[in-house]
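Just so it is clear, none of the values below were taken in a lab; they were calculated from the coordinates. Small disclaimer: the values here were computed from a predicted structure and weren't measured. As a convention, Cβ positions derive from the backbone with ideal geometry for all residues, glycine included, and neighbour counts pool all protein chains shown.
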Amino acid sequence: MDHSLNTEHENERIVLGLLSSVESDGARSQRHIAAELGIALGLVNAYLKRCIKKGLVKVSDAPARRYAYYLTPQGFAEKSRLTVQYLSNSFSFFRLAKSDCARVLDQAKEKGFSRLVLAGQSDLAEVAILCAVEAGVSIVAVVDPASELARFVGVNVFRSFDEVTDAFDAVIVTDVAHASASYDAAAAVCGAERVLAPGLLGLREQGGAAEGAP
């Protein structure tokens, strides 16, 4: 592997591990996080400072002259993005994406949603389109404001929901890079109760309607 790519992958691993650790227990010591991630204590300190500077993590005073860290909304979004990006670089992605998409599609069928739009052109959208065939539901369109394609894996692509000509029942978020923004855009169009998302996007914080898992 190219050295720069290897370094970037390791950087993603550390940031993702750090954000996950803070989300799990913000009162953990830096020494504990260092042992958990298998990196030097000084490196944890440097990465924490960087995450605070980027607005991903906030710090507050805790008892016994300790500090407690917690994720900001931006930190949650970055953790979700890194999770998918990191998984995409591993063999785990397809297996997890397929499982999550199958679960969300089953959830859609239970609610009586059989004609669906995907919000976001991505590897995850490709998996969802393949899973929809097995699930017996129709993906009528992909909506992605940044897409330059007219079709994606045999499905028509549009820049906005207004351009979708076929009737649809609900939206599944498949936007990896801007999952939260895509969720909000879809909810504004058809209501949060008609927006679903695979669990690996980490949109549970948005409320029950977005959960891909029970």
Fewest-first ordering of C131, C190, C101 by Cβ atoms within 10 Å yields C190, C131, C101
Given charges at beta-carbon only (K, R positive; D, E negative), |dipole| of the chain in Debye: 880
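What percent antiparallel are the DSSP beta bridges of the chain, to the nearest 5?
40
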What is the set of long-range amide H partners of F158 at a cut-off below 5 Å, with H atoms built 1.01 Å from backbone N? V142, V143, D144
Note on the stretch 30-180: contact order normalised by length, alpha-carbon pairs under 8 Å, 6 or more apart, percent, works out to 19
Under 5 Å, built H, 5+ apart or other chain: amide partners of V57: I52, T72
Taking L201, L196, L96 and counting other C-beta atoms within 10 Å, the order from fewest to most: L96, L196, L201
Theoretical gain in end-to-end length, S160 to S138 [0.36 nm per residue, Cα-Cα removed]: 6.1 nm
Would you work out if the stretch 3-85 is rounded, prolate or oblate? Take a ≥ b ≥ c from the square roots of the eigenvalues of the alpha-carbon gyration tensor; rounded if a/c is under 1.5, else prolate when a/b is larger than b/c, oblate otherwise. oblate
For labels at E110 and R151 in the simple 7 Å Cα→Cβ model, what's the distance in nm? 3.5
What shape does the stretch 91-210 have by the C-alpha gyration tensor, where a ≥ b ≥ c are the square roots of the eigenvalues, rounded means a/c under 1.5, and otherwise prolate means a/b greater than b/c and oblate the rest? rounded
Listing T165, T83, T174 from the residue with the fewest other Cβ atoms within 10 Å to the one with the most, what is the order? T165, T83, T174
Antiparallel bridge percentage (DSSP; both residues within the stretch 91-210; nearest 5): 15
Efficiency of FRET between A46 and C190 - r from beta-carbon atoms, R0 41 angstrom, step 0.05: 0.40
Using Cα pairs closer than 8 Å and at least 6 residues apart in sequence, work out the relative contact order for the stretch 99-202, in percent. 31
Where a ≥ b ≥ c are the square roots of the eigenvalues of the C-alpha gyration tensor, would you call the stretch 73-133 rounded, which needs a/c under 1.5, or, failing that, prolate if a/b is larger than b/c, or oblate? prolate
Karplus ³J(HN,Hα) for the stretch 131-140 (6.51 cos²θ - 1.76 cosθ + 1.60, θ = phi - 60°; Hz, whole; x = Gly/Pro) runs 5, 4, 4, 5, 7, x, 10, 9, 9, 8
